[in-house]
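Enquirer: One structure is given below, represented as structure tokens, and several questions about it will come after.
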Amino acid sequence: MAAAQGVAYMDGRYMPLAEATIPILDRGFMRSDITYDALHVWKGRVFRLADHITRFRASMAGLRMSLPQTDAELGEILIECVRRTGYRDAFIMVMCSRGVQPPGTRDPRLCRNRLYAYAQPFLYIANEEQRREGLRMILSKTQRIPPEALDQRIKNFHWLDLTMSLFEAYDRDATATILPLADGTVTEGPGFNVFILKNGVLATPDRGMFEGITRRTVTEIAADLQIRCELRPVRAEELTEADEIFTATTAGGITPVTWYEGKPLGDGRPGPVTQRILDLYWKRHEDDALNTAIEY
Ligand code: PLP
């Protein structure tokens, strides 16, 4: 099944992505009562498959959901979606929704949790020019939903804060945003974690954001490079003073930020440390220990 836009799995069946539809009464749709994980395939290999499945399970447990499939079965479903597309570079989504509410009740415990998955062509959060020249980032006026309200370590579709912040960015001739908390620390942007570099030391927020696998990979690369990398509260002012800023996500890896709140960062070109980490990030995709080969 070489589908033009991708292949999906639901209710025990594989189908062209365009044919995969969610029942309107699924609480995943009605209430954002759903969790998910996003993975990628590079040159025919899934990057950090086991880590993604472990994290997906933790998200499900956090929302008191479960699926009958074992980790191995889940992995095989994702790989089969990719295999059926034939793509060597792909983006994979795996979702678990609360499921359809039985008639006459609002009790979420009575729903049968549903698995959805799909593979589509590889996806970048930034276009080619943005990847080359760097993102233009603003500090959003919209705050991130605080961790006291929603544990952001559980991957979720409560995206309206992230989405509305993007409108703010576009209104201000920018291409990316970072969202603060009420205490003046920053969290993350729409679909990515953020790192800053100041005086040779990296820092990334440790509260109110999703714990990205790309973020984890960056911390491992930093350790190899003997660059100190601090996971700690990062104040909004620190971004103004940073030497380099970059974003980190499965949807495209590392992207430099070259402009922040109306001013170029440094000489306005992607920074050398960002570039080094970006190169090593893709080098990690050749490491057999981190990549699962797909037999097409
Ligand atoms: N933060 C949010 C809100 C995300 O949606 C994502 C992306 O998937 C990330 C951070 C980065 O996580 P990862 O590196 O695992 O893709």
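The values are calculated or read from the model by the stated rules, or taken from the named source; none is laboratory data. Source: prediction; values computed, not measured. Cβ placement follows ideal geometry from the backbone for every residue including glycine, while neighbour counts extend to all protein chains displayed.
Enquirer: May I ask you to verify whether residue 34 is within 16 Å of residue 291 (Cβ to Cβ), among the β-branched types (Val, Ile, Thr) and either in contact with a His (Cβ under 7 Å, 6 or more places away or on another chain) or not assigned by the TED database to the domain that holds residue 150 (or both)?
Expert: Details: within 16 Å of residue 291 (Cβ to Cβ): no; among the β-branched types (Val, Ile, Thr): yes; either in contact with a His (Cβ under 7 Å, 6 or more places away or on another chain) or not assigned by the TED database to the domain that holds residue 150 (or both): yes.
For residue 34, the condition - within 16 Å of residue 291 (Cβ to Cβ), among the β-branched types (Val, Ile, Thr) and either in contact with a His (Cβ under 7 Å, 6 or more places away or on another chain) or not assigned by the TED database to the domain that holds residue 150 (or both) - is not met.
Enquirer: Give the residues of segment 30-58 that are of a type in the set (Asp, Glu) and in contact with a Pro (Cβ under 9 Å, 6 or more places away or on another chain), sorted by residue number.
Expert: In the first step, residues of segment 30-58 are kept if they are of a type in the set (Asp, Glu); the result is 33, 37, 51.
Once the filter is applied, which keeps residues that are of a type in the set (Asp, Glu) and in contact with a Pro (Cβ under 9 Å, 6 or more places away or on another chain), segment 30-58 yields only 33.
Enquirer: Within segment 208-234, restricting attention to residues that are more than 13 Å from the ligand (Cβ to nearest atom) and either of a type in the set (D, E, K, R) or not assigned by the TED database to the domain that holds residue 279 (or both), which residue is farthest from residue 272 (Cα to Cα)?
Expert: Within segment 208-234, the match that is farthest from residue 272 (Cα to Cα) is 232.
Enquirer: If I ask for residues that are within 16 Å of the ligand (Cβ to nearest atom), in contact with a helix residue (DSSP H, G or I) (Cβ under 9 Å, 6 or more places away or on another chain) and closer than 26 Å to residue 268 by Cβ, which ones from segment 133-166 would you list? Talk me through it step by step, then tell me what you get.
Expert: Let us first name the residues in segment 133-166 that are within 16 Å of the ligand (Cβ to nearest atom), namely 135, 137, 140, 142-147, 149-166.
Remaining after also requiring in contact with a helix residue (DSSP H, G or I) (Cβ under 9 Å, 6 or more places away or on another chain): 137, 140, 142-145, 151, 153-157.
Those that are within 16 Å of the ligand (Cβ to nearest atom), in contact with a helix residue (DSSP H, G or I) (Cβ under 9 Å, 6 or more places away or on another chain) and closer than 26 Å to residue 268 by Cβ: 137, 140.
Enquirer: While we're looking at this one, here's another question. Output yes when any residue across segment 167-175 is touching a residue at least 60 places away in the same chain (Cβ under 8 Å), surrounded by 14 or more Cβ atoms within 10 Å (Cβ to Cβ) and either of a type in the set (Val, Ile, Thr) or within 13 Å of the ligand (Cβ to nearest atom) (or both), and no when none is.
Expert: No, every residue in segment 167-175 fails to be touching a residue at least 60 places away in the same chain (Cβ under 8 Å), surrounded by 14 or more Cβ atoms within 10 Å (Cβ to Cβ) and either of a type in the set (Val, Ile, Thr) or within 13 Å of the ligand (Cβ to nearest atom) (or both).
Enquirer: Let me ask something else. Can you find a residue in segment 218-226 that is in a helix (DSSP H, G or I), within 20 Å of the chain's Cα centre (by Cα) and surrounded by fewer than 16 Cβ atoms within 10 Å (Cβ to Cβ)?
Expert: yes
Enquirer: For residues that are in a loop (DSSP other than H, G, I, E, B), closer than 14 Å to residue 177 by Cβ and either in contact (Cβ under 8 Å) with a residue 60 or more places away in the chain or not charged (D, E, K, R) (or both), tally how many sit in segment 124-157. Let's see the steps before the verdict.
Expert: In the first step, residues of segment 124-157 are kept if they are in a loop (DSSP other than H, G, I, E, B); the result is 124-127, 134, 140-155, 157.
Those left that are additionally closer than 14 Å to residue 177 by Cβ: 125-126, 140-144.
Those still in the list that are either in contact (Cβ under 8 Å) with a residue 60 or more places away in the chain or not charged (D, E, K, R) (or both) too: 125-126, 140, 142-144.
The number of residues fulfilling the criteria is 6.
Enquirer: Of all residues in segment 84-114, which are surrounded by fewer than 20 Cβ atoms within 10 Å (Cβ to Cβ) and either under 19 Å from the mean Cα position of the chain (by Cα) or in a loop (DSSP other than H, G, I, E, B) (or both)? Working first, answer last.
Expert: So in segment 84-114, the residues surrounded by fewer than 20 Cβ atoms within 10 Å (Cβ to Cβ) come out as 86, 88-89, 93, 100-110, 112.
Answer for segment 84-114, where residues must be surrounded by fewer than 20 Cβ atoms within 10 Å (Cβ to Cβ) and either under 19 Å from the mean Cα position of the chain (by Cα) or in a loop (DSSP other than H, G, I, E, B) (or both): 86, 88, 89, 93, 101, 102, 103, 104, 105, 106, 107, 112.
Enquirer: Among what's in segment 237-255 and is within 16 Å of the chain's Cα centre (by Cα) and outside any loop (DSSP other than H, G, I, E, B), pick the residue that is farthest from residue 48 (Cα to Cα). Walk me through how you get there before you give the answer.
Expert: Our first condition is that a residue be within 16 Å of the chain's Cα centre (by Cα); within segment 237-255, this holds for 246-255.
Restricting the remaining residues to those that are outside any loop (DSSP other than H, G, I, E, B) gives 246-249, 253-255.
Numbers: 246: 21, 247: 19, 248: 15, 249: 13, 253: 13, 254: 16, 255: 20 Å.
Checked segment 237-255; the qualifying residue farthest from residue 48 (Cα to Cα) is 246.
Enquirer: Residues to consider are 258, 247; find the one that is in contact with a strand residue (DSSP E or B) (Cβ under 6 Å, 6 or more places away or on another chain), closer than 24 Å to residue 124 by Cβ, surrounded by 13 or more Cβ atoms within 10 Å (Cβ to Cβ) and polar (S, T, N, Q).
Expert: Numbers: 258 fails: in contact with a strand residue (DSSP E or B) (Cβ under 6 Å, 6 or more places away or on another chain).
Just one listed residue meets the conditions, 247.
Enquirer: Does segment 198-207 hold any residues that are within 11 Å of the ligand (Cβ to nearest atom) and more than 15 Å from residue 254 (Cα to Cα), and which are they? So that I can check it myself, show each step before the final result.
Expert: Pass one, segment 198-207, residues within 11 Å of the ligand (Cβ to nearest atom): 204-205.
Within segment 198-207, just 205 meets the criteria.
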